[in-house]
Amino acid sequence: MDELNNQPEQTEPEKSGEQKLLAETYSPYPLISPVAAAFLGLIGGFILYQFLGGLMTLLIFGFDIEAAPVNGLRFMTIVGQILFIFLPAILFSKWIYGDVSKIISLKLPNWRETTLFVLGIIILTPLLQSYLYIQNYFIEQWAEVSPFINSIKFLLDSLNELIEKTFGNLIRADNIAEMILVIITISIVPAICEEVMFRGYIQRSFGFRFKPHIAAILTAIFFALYHFNPYGLIPLAIIGFYLGFAAYASQSLVLPIIIHFLNNFFAVMLYFIIGDDELFKSTVTDAETLDVNILYFFILLFMFGALMFFIRTYYKKIKTTLEV
């Protein structure tokens, strides 16, 4: 016994610095490639919400959607966003990355950055509306001289008419209670659910593989495609990139959620004030109106560019202060 006790203790061979680092930082997460994880979220969003959600609506209300109770459609929209966009983003974040807080950050922004980004969406909204006027004017002109473009325009007009009719039904309200429900359906729920999925789970996943601006651009493109708005594709992508920039700059989803809410809220308020005909009207019929919109576009573009420069300077100053 004494001999056994006096034998030298067996020790493991000393690990190299790299081995020690691997042992300390090893984690089974992410379970799959972050890019694959991002596309999993995109597929889930498109298939689950747009198709499965649409199928559920048809099964409940039938194929004559126009005859369906509008409040029922609103509730289905809310439920669909939560079940097929918000929850998958949370579940994928937990399953693939192990910790939801690493992907979905809800750090509160300070009042300065909030003010700057809110001012940005106030400028960006009429800027993109002016762009739509200009874009649709030239599409009309090209369609008149090209049968091919005219045939494409016919298909886009059909899809756009369906979207406008669906959106118009959801946003129309006859009393205060319905107005509140419209704000919840159009402004609050999409702002939370879509930002958690797109700027949270998807952009964060792309960000593990690509540079921040590439991750934001990719997410913005898919965000625009997700909305199935043919004429609004470019404006939606620009808004998506702005939201992505806000998420990256603030390192939180709270700021893009606020901006997204305000963008949709402005649209709802404009509808209540001016009605659907003016809100959905985006064609220019005369050169004089075109000239006015071009002037507005460049004035607003200059203002937005100056604000973006100021925002970048603000964050550079914060970074320099932290480093010191």
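Return yes or no: is Phe167 in a helix (DSSP H, G or I) and modelled with pLDDT of 95 or more? Talk me through it step by step, then tell me what you get.
Values: in a helix (DSSP H, G or I): yes; modelled with pLDDT of 95 or more: no.
The answer is no for Phe167.
Take Thr125 and tell me if it is crowded, with 19+ Cβ neighbours inside 10 Å, of a type in the set (Ser, Thr, Tyr) and either within 22 Å of Phe265 (Cβ to Cβ) or touching a Gly at 6+ places or on another chain (Cβ under 9 Å) (or both). When the stated conditions are applied, Thr125 does not pass them.
With respect to Leu290, is the statement that it is of a type outside the set (D, E, K, R), surrounded by fewer than 20 Cβ atoms within 10 Å (Cβ to Cβ), at pLDDT below 95 and within 13 Å of the chain's Cα centre (by Cα) true? Please lay out each step first, then the result.
On the way: of a type outside the set (D, E, K, R): yes; surrounded by fewer than 20 Cβ atoms within 10 Å (Cβ to Cβ): yes; at pLDDT below 95: yes; within 13 Å of the chain's Cα centre (by Cα): no.
So Leu290 does not fit the description; no.
Restricted to the range 66-101, and to residues there that are touching a Lys or Arg at 6+ places or on another chain (Cβ under 9 Å) and surrounded by fewer than 20 Cβ atoms within 10 Å (Cβ to Cβ), the residue that is farthest from Ala191 (Cα to Cα) is Glu66. Can you name the condition, by its number, that Ile139 falls short on among (1) surrounded by 15 or more Cβ atoms within 10 Å (Cβ to Cβ); (2) at pLDDT 90 or above? Here Ile139 meets the rest and fails (2).
Does any residue of the range 252-271 turn out to be under 30 Å from Tyr97 (Cα atoms) and at pLDDT below 95? Yes: one or more hits. Only one entry of Ile47, Ile43, Ile85 meets the criterion of being in a helix (DSSP H, G or I) and at pLDDT 90 or above, and that entry is Ile85.
The values are calculated or read from the model by the stated rules, or taken from the named source; none is laboratory data. As the structure is a computational prediction, the values presented were derived from the model and not from experiment. For neighbour counting, all protein chains shown are included, and Cβ atoms are generated from backbone atoms with ideal geometry for every residue, glycine included.
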